[in-house]
1. Can you find even one residue in the stretch 280-295 that is at pLDDT below 95 and crowded, with 24+ Cβ neighbours inside 10 Å?
2. Any idea which of 219, 215 is touching a residue at least 60 places away in the same chain (Cβ under 8 Å), away from the ligand (no atom under 13 Å from the Cβ) and in a strand (DSSP E or B)?
3. Do we have any residue at all in the stretch 317-336 that's within 13 Å of the ligand (Cβ to nearest atom) and assigned to a loop (DSSP other than H, G, I, E, B)?
4. Just to be sure, is residue 62 more than 23 Å from residue 229 (Cβ to Cβ) and at pLDDT below 95?
5. Please tell me if residue 120 is touching a residue at least 40 places away in the same chain (Cβ under 8 Å) and touching a helix residue (DSSP H, G or I) at 6+ places or on another chain (Cβ under 6 Å).
6. Return the pairs, sorted by first residue and then second, in which the second residue is of a type outside the set (D, E, K, R) and in a loop (DSSP other than H, G, I, E, B), the first residue lies in the stretch 93-105 and is more than 16 Å from the ligand (Cβ to nearest atom), the beta carbons are less than 8 Å apart, and the residues are 6+ apart or on different chains.
7. Just name the residue that is nearest to the ligand (Cβ to nearest atom) out of those in the stretch 222-272 that are of a type in the set (D, E, K, R) and not in a loop (DSSP other than H, G, I, E, B).
8. Could you grab me the full set of residues in the stretch 105-158 that are in a helix (DSSP H, G or I), among the charged types (D, E, K, R) and touching a strand residue (DSSP E or B) at 6+ places or on another chain (Cβ under 8 Å)?
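The values are calculated or read from the model by the stated rules, or taken from the named source; none is laboratory data. Everything quoted here is computed from the prediction, not taken from an experiment. So basically every Cβ, Gly included, is an ideal-geometry build from the backbone, and we count neighbours across all protein chains shown.
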Amino acid sequence: MINRRKFIQASALGSASMILGKVATANTPPLTVKGKPLVISTWDAGLEANKGAWEVLSKGGRAIDAVEKGVMITEDSMNCCVGLGANPDRDGYVTLDASIMDEHFNCGSVAFLERIKHPICVARRVMDKTPHVMLVGQGAQQFAIAEGFPLEEQKLSPNAEKSYREWLKTSDYKSPGINVEKTQGGGHGPFAPARLQNGEWNHDTIGMLAMDTHGNLSGSCTTSGAGFKMRGRVGDSPIIGAGLFVDNEAGACVSTGLGEEVIRVAGSHSVVEMMRYGASPEAACKKVLERIIRIKKDKVKDLQVAFIAVNPKGQVGAFAIHSGFQYAIKTTTMEKLVNANSFFKSKPQ
Ligand code: SD4
């Protein structure tokens with residue numbers, strides 16, 4: 001007999017799937033990586049970022065240094081939607097969020113930071129040099145300048161300028177779209193969490209998790225948030241426990257997608273807690289996404305959230321609400337992009 005809880009779960013997923021069509025729920029066995037070190041990161045930009053992390057990991061360096069160095073590569077790339085090359089908020093300013101966490105629960109983050117090229121390094125300084133966890137806005141910028149970070153010009157990248165001009169034609173502000181296939185004609189929709197640039201699908205965020213040769217875990221996350229967001233909007237990425245969480249004894253998780261939904265369920269912390277009680281990384285990611293689906297019901301058709309996770313055994317996994325999410329993995333024997341399983345094989349918007 002189906003119990004009430006299972007029935008409610010089934011009907012929430014059922015009603016969403018009626019709207020979205022095919023449901024893809026196949027579980028894969030946990031991807032167990034042979035030996036340490038390892039690094040995983042979100043989306044295809046993760047392939048390049050992992051190489052940066054590997055320079056640290058392959059020399060026996062700490063996971064925390066690897067995850068900082070890795071995502072700096074993505075922040076550097078002015079063609080990517082992470083960092084100062086990204087889409088601006090609806091007032092035309094690029095505002096950045098980032099967080100970092102090590103194996104000892106040390107963590108630091110910055111939010112609503114402007115004109116600083118490497119928010120992840122400022123987050124690391126918050127962690128290393130202040131008694132605080134999070135600095136925001138002008139205070140974060142002041143701290144960055146005091147720490148010697150140059151104040152960059154307030155100028156949009158050519159791609160962002162183009163997308164912003166396009167967006168201004170309607171200035172439509174509503175719920176974000178989901179990630180869609182590369183063939184789609186635009187991610188620069190309203191409050192978009194990802195966009196198409198020069199035929200390449202880019203994303204606003206990179207999240208990275210690493211295990212070093214000592215078996216220690218760390219994570220980082222850096223983002224421009226969501227293009228054309230309200231001024232002052234902060235997503236999940238700089239919020240420890242939402243966008244990122246690391247517990248060396250239980251595992252580590254980082255998220256991407258619509259941050260509001262991740263914050264609501266304390267997403268990354270919830271995934272790590274599920275791993276603590278025995279769930280595989282993929283199963284833990286999937287369970288927390290199920291909560292979001294239950295909360296959002298039919299509205300899930302308009303939103304993407306994905307998690308990647310690693311446990312202390314070196315098993316890695318991921319899950320997404322909609323198809324199209326990929327993560328990059330690098331180990332001593334493997335370097336590839338993996339298609340994450342998802343609840344829905346959604347039609348591109
Ligand atoms: C946010 N989670 O600010 C980020 C956006 C993101 O690909 O992941 N975009 O909500």
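1. No: zero hits.
2. Values: 215 fails: in a strand (DSSP E or B).
One residue alone meets the criteria, 219.
3. Yes: one or more hits.
4. Details: more than 23 Å from residue 229 (Cβ to Cβ): yes; at pLDDT below 95: no.
So residue 62 does not fit the description; no.
5. yes
6. Pairs that qualify, where the first residue is more than 16 Å from the ligand (Cβ to nearest atom) and the partner is of a type outside the set (D, E, K, R) and in a loop (DSSP other than H, G, I, E, B), are 102/216; 103/216; 103/248; 104/248.
7. First, pick out the residues of the stretch 222-272 that are of a type in the set (D, E, K, R): 229, 231, 233, 236, 247, 249, 260-261, 264.
If we keep only those that are not in a loop (DSSP other than H, G, I, E, B) as well, we get 247, 260-261, 264.
Values: 247: 21, 260: 7, 261: 9, 264: 12 Å.
Of everything passing the filter in the stretch 222-272, 260 is nearest to the ligand (Cβ to nearest atom).
8. 124, 125, 128 - these are the residues of the stretch 105-158 that are in a helix (DSSP H, G or I), among the charged types (D, E, K, R) and touching a strand residue (DSSP E or B) at 6+ places or on another chain (Cβ under 8 Å).
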